[in-house]
Amino acid sequence: MSINWWEKTQKDIDKLASSKVATRTDAQLQAQDNWINDEDIQSRRRAGHALAHDKISESLKNSRKFKEAIKNRDQSFRDDPKFKEAHKKRMQLLHDDPVWQENHRKGLEALRSDPERWAEYQENYAKGNTAKYEDPKFWTNYYAGIKKRDANPEYHKKRLGASKQKIRKPVQTPLGVFETQTDASNAHGFNNTEKLRHRIKSPNPKFAEYKSLTVEEYEKLSK
């Protein structure tokens, strides 16, 4: 059965002509425009909607069904290696984004400057952080991570390098310049750094070439 498009179009036009919008007077349409363009009215309207949204959201969060749904939701997708890798990349992109970093900093400042919100945040964080220790899965992943880390030579190399950068005390001896007292002691065959430190502090002229260096002096001399 073919559709009579002309009759259908006429019916649509008649329907529109009889609608409330089509039958409004110019004064009514102008009043509506004034209402839409009144920033004070619209500001109060938005604030009212936001307040209602917050009340509904808070009520929902405190409901028993919502809490049960959150507790029982399926989180197995987090164990998928593909998800982990994609999540890691997303987070790295965020951390490398200066706009995100600035917004994150402002958000933390606003949170810390509000005593009530900050106290609530700390309480919720403590609850979540404590709860994870009661999950056997957490400890399984924790020890698996340690085992994987300890088997990686690069990890220990980077860790040792970071420790050196943090606590290094460069020195100069007759054998050259060294980044740490330990390196210098090993080069001289000393059992520990005590003999080296004694020579650095000694006023004896024969130990004049043993001296402490600043990090800047070491970097300049080691080039």
- In region 178-223, anything among the acidic types (Asp, Glu), closer than 14 Å to residue 168 by Cα and not in a helix (DSSP H, G or I) is listed as 179
- Kindly indicate whether residue 209 is at pLDDT 85 or above and over 30 Å from residue 78 (Cβ atoms). yes
- State all residues of region 1-58 that are at pLDDT 80 or above and not in a helix (DSSP H, G or I); if no residue qualifies, say none. 38
- Task: Would you point out the residue of region 191-211, among those that are free of Cβ contacts under 8 Å to residues at least 24 places away in the same chain and closer than 14 Å to residue 176 by Cα, that is surrounded by the most Cβ atoms within 10 Å (Cβ to Cβ)?
- Result: 207
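Residue-wise test of (1) surrounded by 10 or more Cβ atoms within 10 Å (Cβ to Cβ); (2) of a type in the set (Gly, Ala, Ser); (3) more than 28 Å from residue 145 (Cα to Cα); (4) under 19 Å from the mean Cα position of the chain (by Cα).
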{"position": "49", "(1), (2), (3), (4)": "yes, no, yes, no"}
{"position": "62", "(1), (2), (3), (4)": "no, no, yes, no"}
{"position": "65", "(1), (2), (3), (4)": "no, no, yes, no"}
{"position": "75", "(1), (2), (3), (4)": "no, no, no, no"}
{"position": "79", "(1), (2), (3), (4)": "yes, no, no, no"}
{"position": "92", "(1), (2), (3), (4)": "yes, no, no, yes"}
{"position": "110", "(1), (2), (3), (4)": "yes, yes, yes, yes"}
{"position": "134", "(1), (2), (3), (4)": "no, no, no, no"}
- Item | Residue pairs meeting the criteria (Cβ under 6 Å; at least 6 apart or on separate chains; first buried (at least 18 other Cβ atoms within 10 Å of the Cβ) and of a type in the set (Gly, Ala, Ser), in region 164-189; second at pLDDT 85 or above and assigned to a loop (DSSP other than H, G, I, E, B)) | 185/193
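The values are calculated or read from the model by the stated rules, or taken from the named source; none is laboratory data. Not measured: the values here are computed from a predicted model. Positions of Cβ are backbone-derived with ideal geometry, glycine not excepted, and every protein chain shown enters the neighbour counts.
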